[in-house]
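Asks: Below are the structure tokens for one structure; questions will follow.
The values are calculated or read from the model by the stated rules, or taken from the named source; none is laboratory data. It should be emphasised that the depicted structure is a prediction, and the values quoted were computed from it without experimental measurement. For neighbour counting, all protein chains shown are included, and Cβ atoms are generated from backbone atoms with ideal geometry for every residue, glycine included.
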Amino acid sequence: MTVSGPDIWKAASRVIDAAVEKAYNGEKKIEWKEVLAGQKAYDETGEWLPQETLDTISEYLIAIKGPLTTPIGGGIRSLNVALRQELDLFTCLRPVRWFQGVPSPVKRPEDTDMVIFRENTEDIYAGY
């Protein structure tokens, strides 16, 4: 079974909304704003990564991104690389910690608390 992006987003946004509802006792709410990138952007605007999308992400300083179709012969190598470069997303942070009840090969997994920093704009991730 293949689950589409819209199906994943429908479920994910419901989970996020429920978490915010619970955390703030209904006093706060997220206002979702869709911006376009990838195939949907190309179909609707003729651009793979519209400037309006970049401007909106820059203004709000946050975005939730799913998988993107990378155009073949479309002038850019990868939409992910283009996003990293245009928005100066130079670091990918990967927090690592153990969740109670999850088996672990580590002797004392409850002591695991680290962050992996991966550079996003040089070497292989630069997209050159």
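Asks: Could you tell me which of the residues Trp9, Trp98 is of a type in the set (Phe, Trp, Tyr) and not assigned by TED's automatic domain parsing to the domain that holds Met114?
Replies: On the way: Trp98 fails: not assigned by TED's automatic domain parsing to the domain that holds Met114.
Only one candidate qualifies: Trp9.
Asks: Confirm whether Leu61 is of a type in the set (A, V, I, L, M, F, W, C) and closer than 23 Å to Asp7 by Cβ.
Replies: In short, no.
Asks: Does Lys40 fit the bill of being loosely packed, with under 10 Cβ neighbours inside 10 Å and free of Cβ contacts under 8 Å to residues at least 60 places away in the same chain?
Replies: On the way: loosely packed, with under 10 Cβ neighbours inside 10 Å: no; free of Cβ contacts under 8 Å to residues at least 60 places away in the same chain: yes.
Spelling it out, it is not the case that Lys40 is loosely packed, with under 10 Cβ neighbours inside 10 Å and free of Cβ contacts under 8 Å to residues at least 60 places away in the same chain.
Asks: In segment 88-109, which residue that is at pLDDT 90 or above and either on the phi > 0 side of the Ramachandran plot or in contact with a Ser or Thr (Cβ under 9 Å, 6 or more places away or on another chain) (or both) is surrounded by the fewest Cβ atoms within 10 Å (Cβ to Cβ)?
Replies: Selected residue: Gly101.
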